[in-house]
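The structure appears right after this line, and notes come after that.
The values are calculated or read from the model by the stated rules, or taken from the named source; none is laboratory data. Everything numeric in this text was worked out from a predicted model, so none of it was measured. As a convention, Cβ positions derive from the backbone with ideal geometry for all residues, glycine included, and neighbour counts pool all protein chains shown. What goes into the accessible areas is simple: the full protein's heavy atoms, side chains included, and nothing from ligands, DNA or RNA. Shrake-Rupley method; radii C 1.70, N 1.55, O 1.52, S 1.80 Å.
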Amino acid sequence: MADFSACPICNLRVLTSELERHANSHFDDEDIDKDFELAQQIALDLACAPSSPPYIPVDDDMQCETSSQKDRECSILKYEAKNCNPGGKDIDEKVRILSSVYLNETRPQIGQGLMDLLKNCLELETEKTTTILCVNVDHFQSSHSEDYGWGCGWRNIQMLSSHLLKQRQEAREVLYGGSGFVPDIPSLQRWLEIAWKRGFDKQGSEDFDRAIYGKRNWIGTTECATLFRSFGLRARIVDFVSREIDIRSSGVGKCVGSMTPQVYGPMDVYLSKGKNAVSKAVPISYDVKAKPNVQQALIDWVWNYFSDNKSRKYGNHGILVSQKAPLYFQHDGHSRTIVGIQMKCQRNGPMQYNLLILDPGHTTESLAKSLKGNFGWQKLIKRGVHTLKKPLYQLCFLDPGIASGEEIESLKNLHSIRVEA
């Protein structure tokens with residue numbers, strides 16, 4: 001049975017999972033700190049509300065201890081929220097509150113994991129191929145009622161986060177305050193604001209006036225890298241640029257043919273980050289016939305990224321399971337998540353490659369249905385070189401391990417790896 005709660009502003013009964021978002025909608029034009037304070041209080045009330053967890057037999061003493069412990073924790077959280085000034089300088093207070101309230105992203109339940117379904121379909125293919133695939137990646141779809149048309153970047157961050165939380169124990173301990181779940185978009189926006197306040201990507205934060213909560217601005221690989229770096233993860237950015245392309249923009253530290261001391265990737269020229277959602281891009285010119293091919297350079301890089309000695313064989317059909325994290329894949333107008341790559345041998349011809357991509361623009365249910373039925377999933381997930389028609393591409397990837405000390409300070413300044421073709 002659905003759980004409903006009354007809005008503290010208009011008294012309308014809404015789904016409890018939607019209560020924070022609904023309440024925040026009353027204050028779209030209000031001061032952002034007041035909005036945060038209200039969101040905190042609602043979230044804490046939800047966190048302390050009675051719930052119906054799965055039944056686990058326990059003795060009476062343990063049950064009483066658990067209940068009293070939860071009551072004490074809720075009382076402490078409410079006290080901290082009441083006495084925490086959202087506009088103040090105590091960032092640790094914000095972190096404690098965000099990581100203590102359970103505001104995870106809800107997703108359609110499809111039973112078997114999506115990546116397992118994809119592996120099963122790849123096993124049934126009859127052509128001679130070699131496929132390298134990530135594991136433990138959940139699909140997050142854009143919602144027409146919430147973020148359609150602007151939220152793809154956040155959805156890709158959620159996909160990468162789902163992998164990191166399941167696959168990397170060291171990442172699970174630091175991501176989102178050790179909360180252990182993938183936050184919803186409003187919470188991710190708060191985490192990015194905290195990263196900015198801690199000094200990560202100061203220059204980039206100015207494009208958003210150092211505040212993004214409640215806004216519908218597009219984000220890109222720089223925001224993805226900034227967010228993950230703030231937790232000590234070694235997020236990197238790679239730019240794939242044709243030597244024939246001339247990129248000019250004002251005030252964001254880009255150049256042509258060489259690296260500036262601080263680089264914001266070329267795809268940022270497409271992202272509307274200003275207050276009035278006006279792009280800073282100046283029209284660019286390029287020769288679409290330029291050789292060598294930027295698209296092939298991207299494919300080669302992705303193949304080399306997923307190919308490592310730690311991959312293990314799955315089944316009997318040339319499927320390798322990689323331990324690498326998925327890739328945040330950005331191009332003009334959209335971003336997606338690369339979860340693997342496939343190589344097909346052709347007689348008397350070059351190798352044919354397909355990227356394996358999860359698109360937040362697709363619904364999770366349609367992906368699951370096509371994979372379960374082994375019908376039509378190739379059109380949703382496979383992308384060959386011929387489909388990559390943009391002149392510029394950008395990836396965000398994560399190296400293993402957690403940074404500390406001086407390395408954390410170095411991560412505050414974003415630099416990109418430039419691949420020219």
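Among the conditions (1) assigned to a loop (DSSP other than H, G, I, E, B); (2) touching a helix residue (DSSP H, G or I) at 6+ places or on another chain (Cβ under 8 Å); (3) more than 19 Å from Ile319 (Cα to Cα); (4) open to solvent by 10 Å² or more (accessible area, probe 1.4 Å), the only one that Val135 does not satisfy is (3).
Taking (1) over 30 Å from Phe200 (Cα atoms); (2) open to solvent by less than 50 Å² (accessible area, probe 1.4 Å) in turn, Lys372 satisfies each apart from (2). Restricting the first member to segment 357-382 and to residues that are closer than 22 Å to His334 by Cα and in contact (Cβ under 8 Å) with a residue 40 or more places away in the chain, and the second to residues that are open to solvent by less than 20 Å² (accessible area, probe 1.4 Å) and of a type in the set (D, E, K, R), the beta-carbon pairs closer than 7 Å and six or more apart or on different chains are Pro360/Arg155.
The rows are residues; the columns are (1) within 26 Å of Thr129 (Cα to Cα); (2) out of contact with any Asp or Glu (no Cβ under 7 Å at 6 or more places or on another chain); (3) surrounded by fewer than 17 Cβ atoms within 10 Å (Cβ to Cβ).
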residue	(1), (2), (3)
Gln323	yes, yes, yes
Phe329	yes, yes, no
Ile341	yes, yes, no
Tyr353	yes, yes, no
Ile357	yes, yes, no
Arg383	yes, yes, no
Leu388	yes, yes, no
Leu398	no, yes, no
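Taken as a whole, the structure leaves Ser143 outside the set of residues that are on the phi < 0 side of the Ramachandran plot, buried (at least 21 other Cβ atoms within 10 Å of the Cβ) and at pLDDT below 95. Residues in segment 171-193 that are in contact (Cβ under 8 Å) with a residue 24 or more places away in the chain and at positive phi: Tyr176, Gly177, Gly178. For Glu170, the criteria (1) open to solvent by 20 Å² or more (accessible area, probe 1.4 Å); (2) in a loop (DSSP other than H, G, I, E, B) hold in every case but one, which is (2). Ser162 passes every criterion in (1) open to solvent by 30 Å² or more (accessible area, probe 1.4 Å); (2) closer than 27 Å to Lys324 by Cα apart from (1). Among the candidates Leu356, Leu367, Leu380, the residue that is touching a Leu at 6+ places or on another chain (Cβ under 7 Å) and assigned to a strand (DSSP E or B) is uniquely Leu356.
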